[in-house]
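In what follows, a structure is listed as structure tokens, so that the remarks can point back to it.
A short reminder: the numbers here are calculations on the coordinates, not readings from a lab. Just so it is clear, the model here is predicted, and its values are computed rather than measured. Positions of Cβ are generated from backbone atoms using ideal geometry, with glycine treated the same way; all protein chains shown enter the neighbour counts.
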Amino acid sequence: MLPDFVYKIVSLDEWDDAMEKGKFYGAEIDLKDGYIHFSTAAQVAETAQKHFSGRDDLMIVKVATAPDARHYKMEPSRAGALFPHLYAPLPVSSAARWQELPLRANGEHSFPEEMAEDMADEKR
């Protein structure tokens, strides 16, 4: 089942480019795979740790899925977990919120309070 909101971790430059164009066409891995990778609230912290460890040039984008629901597929990835994939460019207008994703002193990413609450709610 597709969640109401999904999360995308992007570089500051990638999001700036999307804002200019009005659409996010994907990061290098997305373009290579043919779809835009997203995480659910419960998955995004692990995604940050696994694929973006130590990077301090990032944004986290909370995306409403309803406007483009027909272009999303929940597909198996890590250990069979279902991840949301978007098979179309992402309109910036579908982004409900975006914020920098800074690193803490311990090297882990510090998620915005609202998104941390979403993550905790989804894990319940």
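Could you tell me which residue out of Pro112, Ile29, Met74 lies farthest along the dipole of the chain toward its positive end? Charges go on the beta carbon: Lys and Arg +1, Asp and Glu -1, centred on the Cα centre.
Of the listed residues, the answer is Met74.
Under the rule of -39500 (n - 2.57) per DSSP H run of 4 or more residues, summed and divided by the residues of the chain, what mean residue ellipticity at 222 nm is obtained, to the nearest 500 deg cm²/dmol?
On the way: 4 runs with 36 residues, N = 124.
Computed ellipticity for the chain at 222 nm equals -8000 deg cm²/dmol.
Can you tell me the Rg and the Dmax, both Å, for the Cα atoms in the chain?
Just the Cα atoms of the chain yield Rg and Dmax of 13.5, 41 Å.
Among the listed pairs Lys21/Lys50; Lys8/Lys73; Lys23/Lys50; Lys23/Lys62, give every one whose C-alpha distance is greater than 18 Å. Show your work: numbers first, answer last.
Details: Lys21/Lys50 29 Å; Lys8/Lys73 15 Å; Lys23/Lys50 26 Å; Lys23/Lys62 14 Å.
Lys21/Lys50; Lys23/Lys50, as the Cα separations exceed 18 Å there.
With contacts defined as alpha carbon pairs under 8 Å and 6 or more residues apart, what's the relative contact order of region 5-123 in percent?
Working: 196 pairs, mean separation 40.0, N = 119.
Over region 5-123, the number comes to 34 percent.
Suppose every Lys and Arg Cβ carries +1 and every Asp and Glu Cβ carries -1, with no other charges. What dipole size does region 5-123 come out with about its Cα centre, to the nearest 20 debye?
Values: 13 positive and 21 negative charges, 86 e Å.
In debye, rounded to 20, region 5-123 gives about 420.
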